[in-house]
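Structure first, then comments.
The values are calculated or read from the model by the stated rules, or taken from the named source; none is laboratory data. As the structure is a prediction and not an experimental result, all values here were calculated from the model. All Cβ positions, glycine included, derive from the backbone under ideal geometry; neighbour counts span all protein chains shown. Protein only, heavy atoms only, side chains kept; ligands, DNA and RNA dropped before computing areas. Shrake-Rupley method; radii C 1.70, N 1.55, O 1.52, S 1.80 Å.
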Amino acid sequence: MSEIRIAAETRTEFGKGAARRARRAGFVPGVVYGHGHAPVHLNLPGHDLMMALKTPNALLVVPIEGKDEYVLPKAVQREAIKRSIEHVDLLLVKRGEKVTVEIPVLTEGELAPGGNLLEHVLNALPIEAEATHLPESVTVSVEGLEAGASIHAKDITLPAGVTLAVEADAVVLQVIGAQAAPVEDEAAEAEGAEA
């Protein structure tokens, strides 16, 4: 995963009024914490931050007290209607440090014929990896799987240096057979309607 550099300014004003002024000026209020440091309050460029957060687990580089630091988005608060970013919490990480994050599970291939459905039991797979080498996603082949088949966390091939942060037997995907109403039930309903 590549690093995304974002300009940031240290925030000196706090409260709702200051946050509203920052948002009107195109900034998103944020806070950086971790590694025993006191929280650092920042204003980040809204558009740049929105584009960076389109990548899951984006590794951001922001200037903090004159030094470039690596941060990961920990919590993103969005406005309910417009979905614009209202506030972001960033976690300070170091090169070589292991972190636990969730990565999206993508699928490829076609299920066996018969109207089967694929259920994502886990939409995101919890993993542990080095903060500067986080995979963006993991892809799983579902080619030819039939009803009743399931894929467990241990069945997924992970990139080098990445380990599971969930039980190995946890079900990630499962194939469900098509649900059809029994014919006799439909006939009984028709008779009941006539009576």
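Observations
- Note that region 10-58 carries a Kirkwood radius of 11.8 Å, evaluated over its alpha carbons pair by pair.
- Distant-in-sequence amide contacts of LEU125, defined by a placed amide H-H separation under 5 Å and a gap of 5 or more residues or a different chain, comprise ILE103, VAL105.
- Over region 57-119, all Cα pairs binned in 5 Å intervals from 0 give whole-percent P(r) values of 4, 12, 16, 15, 13, 11, 10, 9, 6, 3, 1, 1, 0, listed from short to long.
- HN-Hα J in Hz across region 136-146 - Karplus 6.51, -1.76, 1.60, θ = phi - 60°, x for Gly and Pro: 6, 6, 10, 10, 10, 7, 10, 4, x, 5, 9
- Once the 1.4 Å probe is applied to the protein heavy atoms, the chain comes out at 59 Å² accessible per residue.
- Of all DSSP beta bridges confined to region 1-108, the antiparallel ones make up roughly 75%.
- 25 °C / 0.890 mPa s Stokes-Einstein diffusion coefficient of region 116-180, Kirkwood radius on C-alpha pairs, µm²/s: 190
- Counting only protein heavy atoms and a probe of 1.4 Å, the accessible surface of the chain is 51% carbon and sulfur.
- Cα point-scatterer Debye curve for region 49-93, base-10 log of I(q)/I(0) at q = 0.17, 0.24, 0.28, 0.33 Å⁻¹: -0.50, -0.88, -1.07, -1.23
- Segment GLU79-SER141, length gained on full extension (0.36 nm per residue, minus Cα span): 18.7 nm
- Separation of region 11-69 from region 70-117 is 18 Å, based on Cα centroids.
- Theoretical gain in end-to-end length, LYS94 to MET51 [0.36 nm per residue, Cα-Cα removed]: 13.2 nm
- Nearest 10 degrees, 0 to 90: helix 183-194 Cα axis against the chain principal axis: 80
- Ranking ILE64, PRO135, LEU117 by Cα position along the charge dipole of the chain, where only Lys, Arg, Asp and Glu carry charges on their C-beta atoms, puts ILE64 farthest toward the positive end.
- Nearest-20 debye value, the chain charge dipole, Cβ charges on Lys, Arg, Asp, Glu: 1980
- Whole-Hz ³J(HN,Hα) from phi, Karplus 6.51 cos²θ - 1.76 cosθ + 1.60, for region 5-18, glycine and proline x: 7, 10, 6, 8, 10, 5, 8, 10, 9, 10, x, 4, x, 5
- Ellipsoid fit via the Cα gyration tensor, the chain: semi-axes of 45, 24, 12 Å, each the root of five times an eigenvalue, largest first.
- Other-chain or far-sequence residues with amide H under 5 Å of LEU145's (modelled H): ALA112
- Stokes-Einstein D for region 69-171, Kirkwood Rh over Cα pairs, 10 °C, 1.306 mPa s (µm²/s): 100
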